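Below is one structure, written out as structure tokens; comments come after it.
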Amino acid sequence: MITVKNNNGEIELNQDNGNFIRTIGNGNAFHVDINQEGSLILITTFNGKVELRTEGGSLIRTIGDKNYLMAKFRENNVLVTTCNHIIELRNENGELIRII
């Protein structure tokens, strides 16, 4: 299993035993979440963009570039919270499913 840690805007990936794997992202991360399988990572940046990345750090897509505060995996979907404290349920492609 892989754990993620936000270290001053850089995302560190570590093994469960604490061994360092790699650093990913652009150094502007505000919030980070990893899916249950450890294969996908959501990074919310300081400018409100949500990036979906692989465990290797490759950018898959941008989920949204609104003013998002944080994004978390919820089963096979993504919950994003806006600056207006509205929670949106989106699929991994970024399409809006519904507002909660």
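What's the number of the only condition in (1) farther than 17 Å from N91 by Cβ; (2) outside any strand (DSSP E or B); (3) within 14 Å of the chain's Cα centre (by Cα) that G18 fails to meet?
Condition not satisfied by G18: (3).
Look through segment 68-85, keep the residues that are loosely packed, with under 12 Cβ neighbours inside 10 Å and more than 15 Å from N35 (Cα to Cα), and return whichever of them is farthest from the chain's Cα centre (by Cα). Working first, answer last.
So the first thing to find is which residues in segment 68-85 are loosely packed, with under 12 Cβ neighbours inside 10 Å, and the list is 75-76, 83-85.
In the following step, the residues that additionally are more than 15 Å from N35 (Cα to Cα) were identified as 83-85.
Working: C83: 16, N84: 19, H85: 17 Å.
Step by step, filter segment 68-85, then rank; the result is N84.
Being under 17 Å from N26 (Cβ atoms) and either at pLDDT below 90 or in contact with a strand residue (DSSP E or B) (Cβ under 9 Å, 6 or more places away or on another chain) (or both): is that true of T54 here?
Numbers: under 17 Å from N26 (Cβ atoms): yes; either at pLDDT below 90 or in contact with a strand residue (DSSP E or B) (Cβ under 9 Å, 6 or more places away or on another chain) (or both): yes.
When the stated conditions are applied, T54 passes them.
Just the residues that are outside any strand (DSSP E or B) and farther than 16 Å from N35 by Cβ, please, taken from segment 1-15. Explain how you work it out, then say what you get.
Kept after step one, since they are outside any strand (DSSP E or B), are these residues of segment 1-15: 1, 8-9.
If the condition is that a residue be outside any strand (DSSP E or B) and farther than 16 Å from N35 by Cβ, then N8, G9 are the ones that fit.
Kindly indicate whether any position in segment 33-52 is aromatic (F, W, Y) and exposed (fewer than 15 other Cβ atoms within 10 Å of the Cβ).
Initial filter on segment 33-52 (aromatic (F, W, Y)): 46.
Still in the list and also exposed (fewer than 15 other Cβ atoms within 10 Å of the Cβ): 46.
So far as segment 33-52 goes, yes, one or more of its residues are aromatic (F, W, Y) and exposed (fewer than 15 other Cβ atoms within 10 Å of the Cβ).
The values are calculated or read from the model by the stated rules, or taken from the named source; none is laboratory data. None of these values were measured; they are calculated from a predicted model. Reconstructed Cβ throughout: ideal geometry from the backbone, glycine too, with neighbour counts over all protein chains shown.
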